[in-house]
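This report concerns only the one structure given below.
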Amino acid sequence: MRSLVLFSYKQPVEGNTFRWGVHCDRRDTVKDPVRNDRYRAGDPAFVRSRNLDTVLTSAGPKMFYKERQNWRFAIPWIGSLVARFLPAT
């Protein structure tokens, strides 16, 4: 089941940005890490949650960390209908 999601995403430089798309999956980065090195491990300003969401947007697939999402509204089942109109690059 894919959901159509609407959310506000906090960018480090630009501030808050409204995003929308089809939620594809959620990845637990502790069990399945994105990288094998310790990139910026000692930087306290660079803290990530363990959940990485993959959202199919109009610009293609994007990945967002859950802790940067200020609010989120999901509409179940509609994402399957909308996904065919978005690029699947």
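The values are calculated or read from the model by the stated rules, or taken from the named source; none is laboratory data. Remember, it's a predicted structure, so these values are computed and weren't measured experimentally. FYI the Cβ positions are ideal-geometry reconstructions off the backbone, even for glycines, and counts take in every protein chain you see.
When the range 39-68 is limited to residues that are part of a loop (DSSP other than H, G, I, E, B) and at pLDDT 70 or above, the one that is farthest from GLN11 (Cα to Cα) turns out to be GLY42. Taking every residue in the range 1-15 that is free of Cβ contacts under 8 Å to residues at least 60 places away in the same chain and pairing it with any residue that is part of a strand (DSSP E or B) and among the polar types (S, T, N, Q), at least 6 positions away or on another chain, the pairs with Cβ-Cβ distances below 9 Å are GLN11/THR17. Each residue in the range 6-28 was checked for being more than 12 Å from the chain's Cα centre (by Cα) and hydroxyl-bearing (Ser, Thr, Tyr), and 1 of them qualify.
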